[in-house]
Amino acid sequence: MEEKKRPLLSELACVNSNCESYGQAGLENLTVRKVYGQDRIRYLRCHSCGAEFSERKNTAFWNTKIPESRAIEVGRQIAEGTSIKGTSRLTSTHPDTVKRLTLKFGQHAQDFHEQEAQQLDIDILEMDERHGYVASKKQQCWNAVSIDAASKFIVPVAVGPHNTDLIERLMQGSHRRLAHPQDLVLMTDGEASYRTLFPVIFGVSYLPPRQSTMGRPPNPKYRIPRTLAHVQVIKHRQGQKLEAVEVSKAHGSWQRINQALDEIGYNIPNTSTVERFNGTARRINAHQVRRSLAFAHRSNTRQAVAWWSATVYNWVREHRSLRAPLEVPEGKKRFQQRTPAMAVGLTEHIWTEAQILRAPVYIASQE
């Protein structure tokens, strides 16, 4: 069974941050010292520094008290949008254990994304926010996402109150993970913070010349390179009815925007990719269901589920629009199913929830 499969020794690395082999797999510096527990966990030794550690160290299963197969099933249920209590009933696991695992899986997913999703070759992004609640219907909590229009890959996730800080964290998270952040076309809704923060985060700063030697030096200004553009799709509504859609160029040139539209086959600027994902996210995140009391009671649980469901969407879920044709005999048609992570070039195969949970994350702050 898939649950019994474990990473090869060559895929693991030393977890001692002071070791010269830290985080470097395939150096043949690890050996199995013993096997323990009902899951037959390997206890490893690093010959570079002499450290001994469990193969679960730096994975989502570190210090897990229940069998791996049941913990994996908990992760699958949470990723399908099942509630904490529903997951508890379906997996015969105590609700407190489900909550604890949800927080662990969410943090692991965030660290896994931070490790793997770097230097992304993306030049068209769509950003949007999705409303929800935490603790009660009086306290709003929004999920903001940035998605690649071509590969459907979720670049970062930001959770919190709907304010400038939420938009800034989303844009900073996107900028940090892109290989060429100044070769980008961004499409957003009419939120004013996008227009204000875009030149600060993605533009090129410079100091204007001083007009005199007296007083404080001038504040930095920001230049938008020719390869950078931002367009806002503003929806005007009358109650629940959509009256009109206004397309406004916030930064950059229409030439750069039209070039990006030709690449992805859009006729006009729009945020259809992220809006479709918003509908999908409400089905795979129990805290995002509309017109119900299905909201998180704590903000850390809300953030954990957001990161876990987004990571499963990126690495585990096949996307119909990303199917690639395979070379087969003439007259036959076959397609390779792909996930967003495959489409953006981060992996060559479809992952499972168990593989993500077992994947070690080598971050120095994790001890």
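The values are calculated or read from the model by the stated rules, or taken from the named source; none is laboratory data. Predicted model, so just to flag it, every value in this text is computed and none were measured. Cβ atoms come from the backbone with ideal geometry, glycine included; neighbour counts cover every protein chain shown. Surface areas here come from the heavy atoms of the whole protein model, side chains and all, with no ligands, DNA or RNA. Shrake-Rupley method; radii C 1.70, N 1.55, O 1.52, S 1.80 Å.
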- Message: I'd like to know if the stretch 75-83 contains one or more residues that are farther than 15 Å from Ala13 by Cβ and without any contact (Cβ under 8 Å) to a residue 40 or more places away in the chain.
- Response: yes
- Task: Among residues belonging to the stretch 133-160 that are over 23 Å from Thr273 (Cα atoms) and of a type outside the set (A, V, I, L, M, F, W, C), point out the one that is most open to solvent (accessible area, probe 1.4 Å).
- Result: Lys138
- Query: In the stretch 95-110, what residues are open to solvent by 20 Å² or more (accessible area, probe 1.4 Å) and in contact (Cβ under 8 Å) with a residue 40 or more places away in the chain?
  - Reply: Lys99, Leu103, Lys104, Gln107, Gln110
- Message: Can you tell me how many residues within the stretch 63-72 are in a loop (DSSP other than H, G, I, E, B) and either touching a residue at least 24 places away in the same chain (Cβ under 8 Å) or of a type in the set (Ser, Thr, Tyr) (or both)?
- Response: 4
- Item | Number of positions in the stretch 184-197 that are within 24 Å of Arg237 (Cβ to Cβ) and in a helix (DSSP H, G or I) | 5
- Top-ranked residue of the stretch 311-332 - restricted to ones that are modelled with pLDDT of 95 or more and among the hydrophobic types (A, V, I, L, M, F, W, C), ranked as farthest from Gln110 (Cα to Cα): Val316
- Note on the structure: Matching residues in the stretch 13-54 (part of a loop (DSSP other than H, G, I, E, B), among the aliphatic types (A, V, I, L, M) and either surrounded by fewer than 17 Cβ atoms within 10 Å (Cβ to Cβ) or touching a residue at least 24 places away in the same chain (Cβ under 8 Å) (or both)) number 4
- Message: If Pro208 meets every condition in (1) within 30 Å of Asn314 (Cα to Cα); (2) open to solvent by less than 40 Å² (accessible area, probe 1.4 Å); (3) without any contact (Cβ under 8 Å) to a residue 40 or more places away in the chain apart from one, which number is that one?
- Response: (1)
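Is it true that Lys57 is in contact (Cβ under 8 Å) with a residue 40 or more places away in the chain, assigned to a loop (DSSP other than H, G, I, E, B) and of a type in the set (D, E, K, R)? Full working, then the answer.
On the way: in contact (Cβ under 8 Å) with a residue 40 or more places away in the chain: yes; assigned to a loop (DSSP other than H, G, I, E, B): yes; of a type in the set (D, E, K, R): yes.
Spelling it out, Lys57 is indeed in contact (Cβ under 8 Å) with a residue 40 or more places away in the chain, assigned to a loop (DSSP other than H, G, I, E, B) and of a type in the set (D, E, K, R).
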- Name the strands (runs of 3 or more DSSP E) wholly within the stretch 73-160 that hold at least 3 residues that are of a type in the set (Val, Ile, Thr)? 154-160
- Return a yes/no flag: does the stretch 333-355 have any residue that is of a type in the set (Asp, Glu), at pLDDT 90 or above and not in a loop (DSSP other than H, G, I, E, B). yes
- Query: Looking only at residues in the stretch 1-12 that are of a type in the set (A, V, I, L, M, F, W, C) and open to solvent by 30 Å² or more (accessible area, probe 1.4 Å), which one is modelled with the lowest pLDDT?
  - Reply: Met1
- Message: Report every pair of residues separated by at least 6 positions or lying on different chains whose Cβ atoms are under 9 Å apart, first residue within the stretch 240-267 and without any contact (Cβ under 8 Å) to a residue 40 or more places away in the chain and small (Gly, Ala, Ser), second assigned to a loop (DSSP other than H, G, I, E, B) and open to solvent by 60 Å² or more (accessible area, probe 1.4 Å).
- Response: Ser253/Arg226
- Task: With the condition kept exactly as written, say whether any residue in the stretch 246-259 is exposed (fewer than 11 other Cβ atoms within 10 Å of the Cβ) and closer than 29 Å to Val344 by Cβ.
- Result: yes
- Message: Looking at the stretch 128-152, I want the residues that are more than 16 Å from Arg282 (Cβ to Cβ) and have a partner that is of a type in the set (Phe, Trp, Tyr) and at pLDDT 85 or above with Cβ atoms under 6 Å, at least 6 apart or on another chain. Which pairs are those?
- Response: none
- Task: Only residues that are exposed (fewer than 14 other Cβ atoms within 10 Å of the Cβ) and part of a strand (DSSP E or B): list them for the stretch 211-235, please.
- Result: Lys221, Arg223, Ile234, Lys235
- Can you pull out the residues in the stretch 21-57 that are hydroxyl-bearing (Ser, Thr, Tyr) and over 29 Å from the mean Cα position of the chain (by Cα)? Thr31, Tyr36, Tyr43, Ser48
